[in-house]
Amino acid sequence: MRNKILIVSALMLMSTLGAFAEILTGYVYVDGKEVEAQYTKLTSNTVALGTGQNACISQYTEGRLVVPGTVKINGTNYTVTEINSLAFRLCNKLTFVEIKENVKRIGNFAFVGCRGITEVALPASLEKIGTGAFIDLPIKNVLCAGETPAKWEYNDVFKFHENGISDEEGTLIGSSTRLTVPENAIGTYQNALYTDSSLGWNYPDGWGRFTSFNDEYRKNWRIFAPEDLVALHDYLAANSEGNDVKKATLEADIDMTN
């Protein structure tokens, strides 16, 4: 009951704040193409994706989603630092999500109800993930670019625990789910377990609850949007000798006109 009250209170607060926020129309990428999306202006040069009240794109949008790290709106370039709560609520035809560098926080229940998502790629810039952000989705792969694991604001980021805590034997999500992290970061993720007795979170949960770890993040590049190809170029240019790229796969038709 306490958790339900907290969630309702948070949603009411978001609705109140949303009434005073400046909403901008920008875009995200889906299957390599720009799709109209709503952003909330934070400062003169930063935005959060979504309004905090509802999905920022059409809930019928289908395909592979890429959240850009920068977005050009009405001639101004903005840095995307956050994904707001409920930003992709019930967008259940999305199959994959990649979040680009610059994004520091994913809000509460950002991808709740996105029952088609099987893979998530998170940036090194990510610092916090809100409660229920990817809750109970059929995720098979989670790719983390950061050597430092993002902190969880509560213990139900990927899985709902009936009593708000997890004291059961076993793993965070299914044994077939893989967590892919940078080389030498496996131990750090395995030890990333959190508790917060003030929230009734008395048993450790976190990245260490995943069952399968590997360090192949930089070895297999997947290109979903124009900036992915640019990023690969920049990485190879900066690491002309000794890079660990084994292959690169074009996952969508992309438009490099600009």
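Summary of computed values
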{"read-out": "The range 55-78, residues that are under 20 Å from residue 231 (Cα atoms) and either open to solvent by less than 50 Å² (accessible area, probe 1.4 Å) or in contact with a Gly (Cβ under 6 Å, 6 or more places away or on another chain) (or both)", "value": "65, 66, 67, 68, 69, 71, 78"}
{"read-out": "Pairs, first farther than 18 Å from residue 183 by Cβ in the range 234-258, second in a loop (DSSP other than H, G, I, E, B) and modelled with pLDDT of 80 or more, C-beta under 7 Å, six or more apart", "value": "252/31; 252/32; 253/32; 254/32"}
{"read-out": "Residue check for residue 249: farther than 29 Å from residue 154 by Cβ, modelled with pLDDT of 75 or more, open to solvent by less than 70 Å² (accessible area, probe 1.4 Å) and not acidic (Asp, Glu)", "value": "yes"}
{"read-out": "Evaluation of residue 205 against (1) surrounded by 14 or more Cβ atoms within 10 Å (Cβ to Cβ); (2) at pLDDT 80 or above (one fails), failing number", "value": "(2)"}
{"read-out": "Every residue from the range 13-55 that is hydroxyl-bearing (Ser, Thr, Tyr) and either in a strand (DSSP E or B) or modelled with pLDDT of 95 or more (or both)", "value": "25, 27, 29, 39, 40, 43, 44, 46, 51"}
{"read-out": "Yes/no for residue 164 being of a type outside the set (Asp, Glu), modelled with pLDDT under 85 and open to solvent by 20 Å² or more (accessible area, probe 1.4 Å)", "value": "no"}
{"read-out": "Given (1) open to solvent by less than 20 Å² (accessible area, probe 1.4 Å); (2) over 24 Å from residue 204 (Cα atoms); (3) among the hydrophobic types (A, V, I, L, M, F, W, C), index of the condition residue 90 fails", "value": "(1)"}
{"read-out": "Residue check for residue 110: modelled with pLDDT of 90 or more, surrounded by fewer than 22 Cβ atoms within 10 Å (Cβ to Cβ) and not β-branched (Val, Ile, Thr)", "value": "no"}
{"read-out": "Among the candidates 145, 150, 124, residue that is farther than 17 Å from residue 91 by Cβ, among the small types (Gly, Ala, Ser) and surrounded by fewer than 17 Cβ atoms within 10 Å (Cβ to Cβ)", "value": "124"}
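The values are calculated or read from the model by the stated rules, or taken from the named source; none is laboratory data. Bear in mind that the values here come from a model prediction, so they are computed numbers and not experimental data. Heads up, the Cβs are rebuilt from the backbone with ideal geometry, glycines too, and the neighbour counts pull from every protein chain shown. Side chains are part of the model used for accessible areas, which takes the heavy atoms of the whole protein and leaves out ligands, DNA and RNA. Shrake-Rupley method; radii C 1.70, N 1.55, O 1.52, S 1.80 Å.
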